[in-house]
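The values are calculated or read from the model by the stated rules, or taken from the named source; none is laboratory data. Computed from a predicted model, the values in this text were never measured in an experiment. Heads up, the Cβs are rebuilt from the backbone with ideal geometry, glycines too, and the neighbour counts pull from every protein chain shown.
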Protein chains: 2
Amino acid sequence: MPTCTIQSVQVVDARFPLPPGAGSDAVHTDPVYAMALTYLKTDRDLTGVGLALTLGDGNRLVCEAIKILAQRLDGWSIDALMAGLGRVMNELANDPALRWLGPHKGVVHLALASINNACWDLWAKAQGVPLWKLLLDLSDEELVATLDLSYLEDEITVADAIRMLREERPKRADREPVVKSGYPGYDTSVGWMAYDDSRVRELTLRAIDCGFRAFKLKVGSSDEERDVRRAAMLRKIAGDQGILMFDANQRWNPPDALRMCKALAAFHPHWIEEPTHPDDIHAHSELARAIAPDRIAAGEHVPNRVMFKNFLLYSGVHFVQADCTRLAGVSEFVAVSLLAKKHGLPIVPHVGDMGQIHQHLVLFNHIALNHEIVFLEHIPHLRSHFLFPAEVAGGVYRTPQQPGASTDMRYAADAH
Amino acid sequence: MPTCTIQSVQVVDARFPLPPGAGSDAVHTDPVYAMALTYLKTDRDLTGVGLALTLGDGNRLVCEAIKILAQRLDGWSIDALMAGLGRVMNELANDPALRWLGPHKGVVHLALASINNACWDLWAKAQGVPLWKLLLDLSDEELVATLDLSYLEDEITVADAIRMLREERPKRADREPVVKSGYPGYDTSVGWMAYDDSRVRELTLRAIDCGFRAFKLKVGSSDEERDVRRAAMLRKIAGDQGILMFDANQRWNPPDALRMCKALAAFHPHWIEEPTHPDDIHAHSELARAIAPDRIAAGEHVPNRVMFKNFLLYSGVHFVQADCTRLAGVSEFVAVSLLAKKHGLPIVPHVGDMGQIHQHLVLFNHIALNHEIVFLEHIPHLRSHFLFPAEVAGGVYRTPQQPGASTDMRYAADAH
């Protein structure tokens with residue numbers, strides 16, 4: 001395949017109002033899903049599309065940051081860029097005039113997420129393959145060259161990363177059948193905070209009919225009895241074999257988290273998600289000990305690989321919910337996947353991308369890194385806005401076949 | 001004093017180019033000091049001025065965020081606002097449409113710093129007293145009502161905070177002489193990274209002549225021998241009684257930090273500052289153990305009270321360099337001061353404000369919280385831009401007497 005050269009960068013601030021109650025949780029009461037979209041226009045009929053999620057008006061700040069940062073990609077051939085993407089990302093993240101705004105967190109880091117994801121989408125399109133296949137086709141050295149592993153040296157060096165990938169290669173064949181079989185999704189859209197009990201019941205029953213066996217309920221209500229009542233109801237509907245996750249979206253302070261986790265233990269959660277502040281590694285670590293054998297999921301607000309390293313070293317998380325629209329894109333997601341692999345923990349992504357990119361990444365993690373669990377959140381509200389929405393049938397994610405990272409949006413197609 | 005009512009908010013993106021080499025360190029090679037300024041205009045001839053520092057073009061992102069957030073202050077009387085400032089700050093920081101951009105970090109949090117500092121400046125001006133006196137004059141309950149202590153409940157509740165303040169009141173009289181005597185500054189401007197050895201020597205000798213006894217040297221050069229050579233030189237110039245701090249500005253990865261701290265130990269640093277990534281609590285904690293009795297300073301990039309709580313609980317820092325232009329203003333600075341007090345650690349602020357606000361805050365911490373150490377960084381480059389620049393004479397900070405937080409700037413006065 002010939003390469004292509006980035007000729008201009010365009011940025012779109014796309015907002016998607018949701019149906020009443022959809023997306024609501026303990027801290028985001030009335031969200032508007034917003035995507036900060038990066039378009040890498042090239043000299044071929046190919047455009048790389050990257051996205052990062054925010055929940056409203058702050059989206060324009062991320063778009064402004066993309067404009068500042070992405071202009072430096074002008075003139076790069078995508079092949080040359082990707083051959084040293086790790087170094088380029090390191091330079092962008094450490095820009096002396098912008099680093100003060102983070103480092104490696106907040107608006108600027110969300111902008112890097114969108115930019116990095118656009119690079120990967122463009123590269124996969126230029127190669128004519130879906131992202132999961134591109135990732136699997138790269139040599140270990142090529143893949144690691146796309147990663148910025150700085151500040152992880154006490155856990156994983158570049159040499160360690162290459163060795164980890166190489167050691168897993170013999171096991172790939174055993175894992176590849178997942179490409180044909182697909183893997184289960186879990187349904188987050190049954191249990192939004194603002195939905196009343198009857199709505200949750202109705203949606204869960206409908207999801208069961210569609211083939212789902214795993215469901216998320218938003219908790220962290222100011223009415224704690226409501227949380228407990230709805231958890232009991234959902235357990236009854238889902239049955240003993242159903243998989244339930246309770247998500248507090250950071251609402252509880254540490255003492256409240258302990259109390260509520262114990263109250264919800266009766267309903268046998270698969271995990272308790274974001275029980276308290278996402279920076280509070282110590283509280284997560286203490287809580288993990290206190291509620292065992294119940295387990296903690298976290299990551300959608302863990303801003304970078306260094307914080308994930310700390311969560312892992314202090315045993316503050318069991319299910320690593322890395323999100324390539326919170327981290328600096330696919331590249332940092334892979335770096336965190338290597339960290340999690342080293343610590344023997346599963347990556348179950350949070351889907352700020354509505355699963356579009358992550359449907360590729362869980363395939364890669366399973367096949368190339370031997371991550372045991374292939375399981376992905378499903379949130380359908382933006383389906384109609386994607387050119388190639390993730391296909392979930394019978395509760396199972398089907399493997400995407402179109403070239404790219406599945407990030408093309410109709411909204412933006414209209415806008416241009 | 002009559003109160004005043006906020007009638008409009010103006011935001012100024014002020015940039016201050018520096019003399020060649022000034023402000024340079026291991027990661028900020030050619031900084032432009034930039035201030036994101038919040039102006040709270042009122043119905044009296046009083047304007048509250050708040051500031052947050054950034055290092056260049058990213059400043060405009062912070063200014064944009066201030067515009068979004070500060071508009072909600074329109075129409076508040078300053079007395080009513082300050083009577084419940086903690087709750088207001090909590091609501092601003094947890095705005096459902098903006099919270100995703102943090103939470104409590106990055107561009108949005110820097111905006112809150114500027115906003116909160118403007119509120120304190122306005123309140124002090126409305127009372128006709130300098131900020132340090134306002135803080136000391138408040139009742140314990142009034143002060144604590146200005147703080148957002150959420151997510152600290154496992155360490156400090158509202159009741160704990162009030163009790164801590166009350167218990168220190170009997171000791172205030174012993175501490176109050178500092179208002180007359182002043183307290184020592186230390187000179188950061190002798191040892192910028194880009195200054196050559198002869199410049200460092202010349203500036204240090206001049207600072208000694210001016211009365212300074214404590215000096216900071218930037219380290220973290222790609223030429224490690226240069227770091228060691230300059231540390232040796234500075235120790236020789238300052239003599240055995242001189243106080244030296246070595247500041248790596250996050251440049252080292254964890255293994256490099258350990259190696260370089262050991263190499264620099266020969267020169268008896270008072271502290272090693274920002275040895276590695278500011279999110280890497282585990283690395284700081286391990287390093288603190290490994291280099292004892294040498295000690296670590298950190299905080300200028302610790303984004304919020306929750307991260308500071310974690311640094312304290314994991315023993316990753318000895319000198320807490322809280323900065324009210326990184327944290328959400330004076331309010332969160334006081335919250336972190338309470339945390340540090342509980343852990344028996346000194347606050348020695350980083351001066352993103354060039355010491356203008358912090359000269360008040362160290363007086364408050366010493367007198368009201370019985371923080372032993374009164375010692376403050378001195379960076380003189382923006383002196384001429386402030387209406388009432390901090391007065392440092394004989395190496396000693398003199399107590400400011402003008403009403404407010406000393407944040408009025410000439411630049412902005414011109415701009416309006």
**OP:** Looking at (1) within 14 Å of another protein chain (Cβ to nearest Cβ); (2) surrounded by fewer than 20 Cβ atoms within 10 Å (Cβ to Cβ); (3) not acidic (Asp, Glu), find the lone condition where A:Arg166 falls short.
**Re:** (1)
Original post:
When you look at B:Glu377, is it in contact with a Cys (Cβ under 8 Å, 6 or more places away or on another chain), in contact (Cβ under 8 Å) with a residue 40 or more places away in the chain and in the same structural domain as B:Pro403 (by TED's automatic domain parsing), yes or no?
Top reply: no
**OP:** Considering only residues that are in contact with a His (Cβ under 8 Å, 6 or more places away or on another chain) and surrounded by fewer than 24 Cβ atoms within 10 Å (Cβ to Cβ), look in the range B:94-129 and name the one that is farthest from B:Arg326 (Cα to Cα).
**Re:** B:Pro96
**OP:** Could you list all residues from the range B:262-295 that are within 14 Å of chain A (Cβ to nearest Cβ) and hydrophobic (A, V, I, L, M, F, W, C)?
**Re:** B:Ile281, B:Ala283, B:Leu287, B:Ala290
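For (1) among the acidic types (Asp, Glu); (2) crowded, with 17+ Cβ neighbours inside 10 Å; (3) within 14 Å of chain B (Cβ to nearest Cβ), each residue gets a yes or a no:
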| position | (1), (2), (3) |
| --- | --- |
| A:Val144 | no, yes, no |
| A:Val158 | no, no, yes |
| A:Pro184 | no, yes, no |
| A:Ser189 | no, yes, no |
| A:Trp192 | no, yes, yes |
**OP:** Give the residue that is farthest from the other protein chains (Cβ to nearest Cβ), with candidates limited to residues of the range B:94-138 that are over 27 Å from B:Asp43 (Cα atoms) and among the small types (Gly, Ala, Ser).
**Re:** B:Gly102
Subject >> The listed residue being in contact with a Ser or Thr (Cβ under 6 Å, 6 or more places away or on another chain) and of a type in the set (D, E, K, R), out of A:Glu391, A:Glu372, A:Glu377 >> reply: A:Glu377
Original post:
Just wondering, is there one or more residues in the range B:69-80 that are away from every other protein chain (no Cβ under 14 Å), closer than 26 Å to B:Ala390 by Cα, surrounded by 24 or more Cβ atoms within 10 Å (Cβ to Cβ) and more than 18 Å from the chain's Cα centre (by Cα)?
Top reply: yes
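Condition test on A:Asn253, is it assigned by TED's automatic domain parsing to the domain that holds A:Lys342, surrounded by fewer than 22 Cβ atoms within 10 Å (Cβ to Cβ), closer than 16 Å to B:Met307 by Cβ and not hydroxyl-bearing (Ser, Thr, Tyr)?
It is true that A:Asn253 is assigned by TED's automatic domain parsing to the domain that holds A:Lys342, surrounded by fewer than 22 Cβ atoms within 10 Å (Cβ to Cβ), closer than 16 Å to B:Met307 by Cβ and not hydroxyl-bearing (Ser, Thr, Tyr).
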**OP:** Give the residues of the range A:186-196 that are in contact (Cβ under 8 Å) with a residue 12 or more places away in the chain and out of contact with any helix residue (DSSP H, G or I) (no Cβ under 9 Å at 6 or more places or on another chain), sorted by residue number.
**Re:** A:Tyr186, A:Thr188, A:Met193, A:Ala194
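Condition check ((1) in the same structural domain as B:Leu51 (by TED's automatic domain parsing); (2) free of Cβ contacts under 8 Å to residues at least 40 places away in the same chain; (3) farther than 18 Å from B:Met164 by Cβ; (4) aromatic (Phe, Trp, Tyr)) across all residues:
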{"residue": "B:Phe319", "(1), (2), (3), (4)": "no, no, yes, yes"}
{"residue": "B:Cys324", "(1), (2), (3), (4)": "no, no, yes, no"}
{"residue": "B:His366", "(1), (2), (3), (4)": "no, no, no, no"}
{"residue": "B:Asn370", "(1), (2), (3), (4)": "no, no, no, no"}
Subject >> Residue satisfying all of: in the range B:349-374; touching a strand residue (DSSP E or B) at 6+ places or on another chain (Cβ under 7 Å) and at pLDDT below 95; surrounded by the most Cβ atoms within 10 Å (Cβ to Cβ) among these >> reply: B:His371
**OP:** Working only within the range A:208-219, note down all residues that are of a type outside the set (A, V, I, L, M, F, W, C) and in contact (Cβ under 8 Å) with a residue 24 or more places away in the chain.
**Re:** A:Gly211, A:Arg213, A:Lys216, A:Lys218
Original post:
Only one residue in B:Pro346, B:Pro400, B:Pro380 is surrounded by fewer than 24 Cβ atoms within 10 Å (Cβ to Cβ) and under 30 Å from B:Ala283 (Cα atoms), so which one is that?
Top reply: B:Pro346
Original post:
Mind checking whether some residue in the range A:61-68 is within 10 Å of chain B (Cβ to nearest Cβ), modelled with pLDDT of 95 or more and under 19 Å from the mean Cα position of the chain (by Cα)?
Top reply: yes
Original post:
Mind checking which residues of the range B:298-352 are of a type in the set (Lys, Arg) and within 23 Å of B:Gly50 (Cβ to Cβ)?
Top reply: B:Arg305, B:Arg326
**OP:** Look at B:Arg199 and say whether it is surrounded by fewer than 17 Cβ atoms within 10 Å (Cβ to Cβ), basic (Lys, Arg), in contact (Cβ under 8 Å) with a residue 60 or more places away in the chain and under 23 Å from B:Leu382 (Cβ atoms).
**Re:** yes
Original post:
in contact with a strand residue (DSSP E or B) (Cβ under 7 Å, 6 or more places away or on another chain), within 24 Å of B:Val62 (Cα to Cα), outside the structural domain of B:Val88 (by TED's automatic domain parsing) and not acidic (Asp, Glu): does that describe B:Leu382?
Top reply: yes
**OP:** May I ask you to list the residues in the range A:1-29 that are surrounded by fewer than 18 Cβ atoms within 10 Å (Cβ to Cβ), touching a residue at least 24 places away in the same chain (Cβ under 8 Å) and within 13 Å of chain B (Cβ to nearest Cβ)?
**Re:** A:Arg15, A:Leu18, A:Thr29
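Considering only residues that are assigned to a helix (DSSP H, G or I) and among the small types (Gly, Ala, Ser), which ones fall in the range A:220-232? Outline the logic, then answer.
The first filter runs over the range A:220-232 and keeps only residues assigned to a helix (DSSP H, G or I), leaving A:224-232.
Once the filter is applied, which keeps residues that are assigned to a helix (DSSP H, G or I) and among the small types (Gly, Ala, Ser), the range A:220-232 yields A:Ala231, A:Ala232.
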Subject >> When residues of the range B:242-257 are limited to those that are more than 16 Å from B:Asp279 (Cα to Cα) and under 26 Å from the mean Cα position of the chain (by Cα), the one farthest from the other protein chains (Cβ to nearest Cβ) >> reply: B:Gly242
**OP:** Only one of these is touching a helix residue (DSSP H, G or I) at 6+ places or on another chain (Cβ under 9 Å) and within 18 Å of A:Glu332 (Cβ to Cβ): A:Leu81, A:Leu136. Name it.
**Re:** A:Leu81
**OP:** Check off (1) surrounded by fewer than 23 Cβ atoms within 10 Å (Cβ to Cβ); (2) in contact (Cβ under 8 Å) with a residue 60 or more places away in the chain; (3) within 14 Å of another protein chain (Cβ to nearest Cβ) for A:Ser222 and give me the number that stays unchecked.
**Re:** (2)
**OP:** Return the total of residues in the range A:122-171 being of a type in the set (Val, Ile, Thr) and either in contact (Cβ under 8 Å) with a residue 40 or more places away in the chain or in the same structural domain as A:Asp79 (by TED's automatic domain parsing) (or both).
**Re:** 4
